[in-house]
Every structure is written in C-alpha cells, then in structure tokens.
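First the structure, in the form of structure tokens, and then the observations on it.
Values in this text are rule-based calculations from the coordinates and carry no lab data. A quick note: this is a predicted structure, and the numbers were derived from the prediction, not measured. Backbone-built Cβ (ideal geometry, glycine too); neighbour counts: all protein chains shown.
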Amino acid sequence: MKVLHVASECVPFVKTGGLGDVTGALPRALAEIGVETRVMLPGYRALRPLAKNGRTLRAHDDFFGGPARLVEARAEGLELLILDAPHLYDRPGGPYLSPKGRDWPDNARRFGALSRAAADLALGRVEGWTPDLLHAHDWQAGLAPAYLALDGGPRPPSVFTIHNIAFPGRFPPSWVGELGLPDSAYAIDGLEYYHGVSFLKAGLVYADRLTTVSPTYARELTLHEYGMGMEGVINARRRDFSGVLNGVDLTAWNPETDPALARSYSRRSLGRRAENRAATLERFGLAPDLSGPLFVIISRMTRQKGLDLLLDALPRLLARGAGLAVLGSGDAGLETGFLAAAEANPGRIGVRIGYDEPLAHLMQGGGDAILIPSRFEPCGLTQLYALRYGCLPVVARTGGLADTVIDANPAARAAGVGTGFQFSPVALPALVAAIDRTCDLWSSREEWTRLQTNGMAQDVGWARSAAAYKAIYGDLLGRDA
Ligand code: ADP
C-alpha cells in the first residue's frame, strides 16, 4: 500500500503547531506496519538544500507562474517529495506569514500549487512513483482531493484530515479560474464558502473519507458551536467522518533519554525530576522554594487556548503558593498580559515569549502540572507529552483533551485510574476550581505520584493510530488492513 501525505508542515523541517508533529511522526509509524509513505511539502527556503541534492521527478518551466521541480529526497527517516518552486516558497518568514507577520498575499497560489502537484502525482502523471491513495492535511492541502475528484477520469481515493477547523483557507472567488478549477465547482455543494472559496471545504466535499484528530472533536464538529460554519458540510458527510487520536513521537519525547532535560528519569525514578524542576525554576527566574506546585504553559498565545481566562485566574494560583512558567508567543495582548503579570510577581511568574523546543522539553520534565484551558482543542499534543513526562495535565474538557486525560475525581481516585484534571465549562470559576483541586492534591505526595505514574503508563505512541489509519486506507482500497 502506497500513500502520499500532502501537508504544509512536517517535523523536523517546518512546524508551527501540532500539524507538523503529526506529518513528521505518522509516516514513520505507518512505515512500521507496511504502509509505504511519502510526504509532499512546499520547498520552503529551509528545504532548498535538500531539494538541491534530491532526484528530480518532474520539471516545469511555468508552474503557477514560475519554474518548478518535484524532487524526491530522503531525510530524518522520511521519504519526501519537495515542490521546489522558488517563486512560491523561497522566502524569509514562516510557512504562511511574511516576516512582518502578514499572510503572504499569494497563499492561495502557493498552496493551490502544492495541491495540484500532489494530485498530478496521484493521477500517475509523474514518472517514478505513484501512490495508491492521497492523504491531505488541513486547508493547505484541501484542494488536492478537489483536483483529483474534478479531473473526471479514473483516480485513486483520498482522505482529508482536519487538524483545526478554525483555519478555513478562504480566498476571493477570482482564484477559481486562476487555480485551474472549473467554474462549476464554485457552488454551495462545491468549494464556495461565504462568497469566497475555502480550501478546507474543498477537502471536506471532495475527499472520499474525512477524519479529524480525536473522537470528541469529531462529535463537536457536527455542532454549530464548534463547526465554524462547516458543520452543515460535515453533517452531510457524517457517515464518512471519524476521529483518530494523534500520538506522540516516543523517541523525541522520552524522559529516559531526552537530551534537553537536566536529568533523565523514568516512572521508577521520579525523584530525579527535582533537578529538572530546579532547572526550570532557574530558567524562569522563579523562587526555588515555592510552597505550591510549579504550573507550566507551553502554547500558542491565542484565544483558542483560553489563556485570557488564565490571566484572570492568576490571583488564585498565586494565593495557593504556586508558581507559573509560561513559554509561548502569539496575540500581542496576551503576551503583554503575561509579561505584566511576571513583572508584578517576580519569583512567582516567569515568561518567555518565543518558540523554544528544548525549553518546552525541560518544562515538561520539570513542571508539576501543565495548564491547558483551551476553548476547543482538536487533539492537543502538549497534554500527551505531559502524561509521558509525569507533568499532570489540567485541561478543559473538550476535543482531544477530553479523550486523553482521565479526571482524578473521587471515583477515578478510588479506582486508581486518574491521570490529571478536567474542567468544564471553559470559564473562570471552573478553571479556578481545577487549580484548587490540583493544589489540594499537591499536599498528598502519594496521590500525586500515583497520578504521575498512571499518566506515564498511558500508551500515547502512534502505533494504535497508525493502525486505525491503515484500516481506513484498506477500506478505501478494498483491501484487508
Ligand atoms: P496547536 O497545534 O494548536 O498549536 P498542539 O498542542 O496540538 O497545539 O501542538 C502544539 C505543539 O507546539 C506542541 O508540540 C508544543 O510543544 C509546541 N509548542 C507550542 N508553543 C511552543 C513554544 N513557544 N515553544 C516550543 N514549543 C511550542
């Protein structure tokens, strides 16, 4: 079985969030169970050296406005197909934004081209490798199933995965012609979305199977409160839609071998976490002798993540003797809010604005609890890392957070199965109550350790999810998985 994944992010090459983690780890897990997998990525500036040394499968003089090559390359245990098109991707800044933080004005063309190249490959128009199935991720790859379906001839099946419905990939209707899509596709049962085109909707309408990254988010997406205007389309495709939980890369995230930790540890040597805790406190300029737990936050700073609520909950957290270390960047208002809180509470709240992968690892290994008060969370990865690292997740009961954390309520504690704390609704009183419950448990070493070891025993790897995807592929290809 040969599967082409199409995405705009892939760890370790390019990542702005969980999508990159998934497309970096899932192909490896699929390869282990016999699915030959390749990942097609835009040839961003950081990928050009790899593209230069790769094997050209196809070259165009004019592909969406400039020369382009489709290059096969192998790196970091992944088989890659890089769309090397300097006029589209050889730029400074992130994958979607200019260095000034604005969307590139030609993002429709940039990701339309990626989707077109993927569809061409899947249609067998490129010598060298033809997949049996195309798996597109999020809006950036949403046109790939559309190009396939609208081609009209025989074609392989496609799967489309929603990692976050909040990004519809919406552009003016004039792009329909420019991207080589038929006018007929600009319709309510096509890719029209509130008087524009939505690449995400294209994926939802034209792919043969739809998935999202947790069972609870799959249910939530059928509802008006979560569907962001796509709930109608999703309900229409309900029979083809399911949730498959993400896993984590057990090699990159392993407290027994993690080079970013001050001290490695396992479930049986949790006492060694103290060194990571001390290192985290020091990195954030926090007092070494907090009486309460050290809470951490590792997050994009957006409204989605509920961090505005957390700012309001800080007085309670401080009153309980806890400390807080925050790593993240995003909304200017939130950044300012946390920086101001740190300034007003030296030694108790520390903030790093920015993106720092090794620091994120250290915080998981040194924090006592991680706060994730998301308003919605398709799957969430930080709570999975936290479970693996013995950092208790304190999470909103939504999406993948609801599916992966077992609330340590009295029944769960009696049965010895709790792994963290959930709260609902996502509002200040419930968040404060969850902080209180966490601080209450902090005084019982034995129970705290029980929750840590329960979490560390959870299976958060990719094996189970990879098998679920393989079963979906098998269904579509009419084969036994
Ligand atoms: P989302 O994809 O919505 O941002 P996830 O929890 O699914 O949320 O994934 C976030 C990923 O990004 C995790 O791997 C997390 O560790 C990482 N991350 C988020 N912010 C930072 C940061 N400032 N520094 C380092 N890693 C971060």
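Sites listed here are GluC sites (Glu not before Pro) in region 222-283 whose DSSP assignment is loop and whose Cβ has at most 12 other Cβ atoms within 10 Å: GLU256. Entry note, the chain: relative contact order of 12 percent, from Cα contacts under 8 Å with a spacing of 6+ residues.
With the simple spin-label model, which puts each label point 7 Å out from Cα in the Cβ direction, the ASP289 to ALA344 separation comes to 2.6 nm. Per the Kirkwood treatment, what hydrodynamic radius in Å, one decimal, follows for the chain from the mean inverse distance over all distinct Cα pairs? Radius from the Kirkwood sum: 23.2 Å.
Taking a ≥ b ≥ c as the square roots of the eigenvalues of the Cα gyration tensor, region 371-439 is oblate, since a/c reaches 1.5 or more and a/b is not larger than b/c.
Scattering from region 126-171 was approximated by placing one identical point on each alpha carbon and applying the Debye formula without solvent; log10 I(q)/I(0) at 0.25 1/Å stands at -0.95. The lysines whose alpha-carbon is closer than 29 Å to the alpha-carbon of LYS470, local same-chain residues fewer than 8 away aside, are LYS2, LYS15, LYS201. Over region 261-376, the Kirkwood radius and the radius of gyration, each from Cα atoms, give a ratio Rg/Rh of 0.96. If the segment from ARG479 to LEU97 were pulled out straight at 0.36 nm per residue, it would be longer than the present Cα-Cα gap by 133.4 nm. When peptides 184-196, 135-147 are ranked by their average number of other Cβ atoms within 10 Å per residue, the highest-first order is 135-147, 184-196. Charges were assigned to the Cβ only: +1 to each Lys and Arg, -1 to each Asp and Glu. The resulting dipole of region 172-225 about its Cα centre is roughly 180 debye.
Report the residues of region 283-304 in range of a label on THR336: point 7 Å along Cα→C-beta, backbone N strictly under 19 Å from it. Output list for this probe position: 301-304. Around the Cα centre of the chain, unit charges on the Cβ atoms of Lys, Arg, Asp and Glu (plus for the first two, minus for the last two) sum to a dipole of about 560 debye. For the chain, the longest principal axis of the C-alpha atoms and the axis of helix 445-456 are separated by about 10°. Farthest towards the positive end of the charge dipole of the chain, among the residues VAL35, HIS137, GLY101, is the Cα of VAL35, using unit charges on the Cβ of Lys, Arg, Asp and Glu. Using 0.36 nm per residue and subtracting the Cα-Cα separation, the extra length available between THR222 and THR257 on full extension is 8.5 nm. Computed over the Cα atoms of region 20-137, the ratio of the radius of gyration to the Kirkwood radius (Rg/Rh) comes to 0.96.
Each of LEU281, SER299, PHE376 was placed along the dipole of region 280-408 (beta-carbon charges, centred on the mean Cα), and the one lying farthest toward the positive end is PHE376.
Classified by the C-alpha gyration tensor, region 406-469 has an oblate form. Its axis ratio a/c, with a ≥ b ≥ c, is 1.5 or above, and a/b does not exceed b/c. Sparsely packed loop sites in region 73-115 (the trypsin sites (Lys or Arg not before Pro) outside DSSP H, G, I, E and B with at most 14 other Cβ atoms within 10 Å) comprise LYS100, ARG102. Per residue, the Cα convex hull of region 125-202 amounts to 101 Å³. Using only side-chain charges placed at the Cβ, +1 for Lys and Arg and -1 for Asp and Glu, the dipole size of region 120-214 relative to its Cα centre rounds to 200 debye. The residue among VAL460, TRP448, THR438 whose Cα reaches farthest toward the positive pole of the charge dipole of region 424-481, with charges on the beta-carbon of Lys, Arg, Asp and Glu, is VAL460. The ASP61 and TYR355 beta-carbon pair, evaluated with R₀ = 30 Å, returns a calculated FRET efficiency of approximately 0.20. Computed over the alpha-carbon pairs of region 158-285, the distance histogram in 10 Å steps reads 12, 30, 18, 15, 17, 8, 0 percent, short to long. Based on DSSP H segments of at least four residues, each scored -39500 (n - 2.57), the chain has a per-residue ellipticity at 222 nm of -11000 deg cm²/dmol.
Relative to the longest principal axis of the Cα atoms of the chain, the long axis of helix 332-344 makes an angle of roughly 20 degrees.
Relative to the longest principal axis of the Cα atoms of the chain, the long axis of helix 18-32 makes an angle of roughly 70 degrees.
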